[in-house]
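Reviewing the structure listed below.
The values are calculated or read from the model by the stated rules, or taken from the named source; none is laboratory data. Note that the structure is predicted; figures quoted are calculated from it, not measured. Don't worry about glycine lacking a Cβ; one is built from the backbone with ideal geometry, like all the others, and counts go over all protein chains shown. The protein model used for the area step is the full one, side chains on, heavy atoms only, and it has no ligands, DNA or RNA in it. Shrake-Rupley method; radii C 1.70, N 1.55, O 1.52, S 1.80 Å.
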Amino acid sequence: MDTDGFEEWYGREHARLVNTLFLVAGTVDAAREATDEAFARAAARWPRVRAMDSPSAWTYRVALNVLRKTARRRSREMDLAATTAGTTAA
């Protein structure tokens, strides 16, 4: 992996993204999980991400998408659990 500038950028942006996502997610754990996933994806694509006009904006978008996907999955799991509980109680 070409890490030229990644560590410095990560150091500047990581806490800021966690704090922003906390406001959206409502929990520090969810914010950290989405942030870590977004930065892992950025690291894997760093040469391309670094060349973007705003690597931070790309990472924020990825993190928000991770939060949304996680929320949808949890919602479906809760719906399934409720449905399953309703059918076993009958």
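Being open to solvent by less than 40 Å² (accessible area, probe 1.4 Å), within 17 Å of the chain's Cα centre (by Cα) and without any contact (Cβ under 8 Å) to a residue 40 or more places away in the chain: is that true of Ala34 here? Walk me through how you get there before you give the answer.
Numbers: open to solvent by less than 40 Å² (accessible area, probe 1.4 Å): yes; within 17 Å of the chain's Cα centre (by Cα): yes; without any contact (Cβ under 8 Å) to a residue 40 or more places away in the chain: yes.
Here the answer is yes, as Ala34 does meet what is asked.
Does Tyr60 qualify as being of a type in the set (Phe, Trp, Tyr) and more than 10 Å from the chain's Cα centre (by Cα)? Even if it seems obvious, please write down each step before you answer.
Values: of a type in the set (Phe, Trp, Tyr): yes; more than 10 Å from the chain's Cα centre (by Cα): no.
So Tyr60 fails the test.
Kindly list the number of the only condition in (1) assigned to a helix (DSSP H, G or I); (2) open to solvent by less than 90 Å² (accessible area, probe 1.4 Å) that fails for Met52.
Answer for Met52: the failing condition is (1).
How many of the residues in the stretch 66-83 are under 16 Å from Val24 (Cβ atoms), open to solvent by less than 90 Å² (accessible area, probe 1.4 Å) and of a type outside the set (S, T, N, Q)?
3
Looking only at the stretch 7-21, which residues are more than 15 Å from Val62 (Cβ to Cβ) and either among the charged types (D, E, K, R) or open to solvent by less than 90 Å² (accessible area, probe 1.4 Å) (or both)? Walk me through it before giving the result.
So the first thing to find is which residues in the stretch 7-21 are more than 15 Å from Val62 (Cβ to Cβ), and the list is 7-8, 11-12, 15, 19.
If the condition is that a residue be more than 15 Å from Val62 (Cβ to Cβ) and either among the charged types (D, E, K, R) or open to solvent by less than 90 Å² (accessible area, probe 1.4 Å) (or both), then Glu7, Glu8, Gly11, Arg12, Ala15 are the ones that fit.
For the stretch 55-65, which residues satisfy the criterion of being polar (S, T, N, Q) and surrounded by fewer than 17 Cβ atoms within 10 Å (Cβ to Cβ)? Step through it out loud before you land on a result.
Residues of the stretch 55-65 that are polar (S, T, N, Q), as a first pass: 56, 59, 65.
Within the stretch 55-65, Ser56, Asn65 qualify.
May I ask you to list pairs of residues, at least six apart or on different chains, whose Cβ atoms are under 7 Å apart, with the first in the stretch 63-77 being on the phi > 0 side of the Ramachandran plot and the second being assigned to a helix (DSSP H, G or I) and open to solvent by 100 Å² or more (accessible area, probe 1.4 Å)?
none
Taking the stretch 38-49, which residues are within 17 Å of Thr70 (Cα to Cα) and open to solvent by 70 Å² or more (accessible area, probe 1.4 Å)?
Looking only at the stretch 38-49, we keep the residues that are within 17 Å of Thr70 (Cα to Cα), and these are 38-41.
Residue satisfying the conditions is Arg41 alone.
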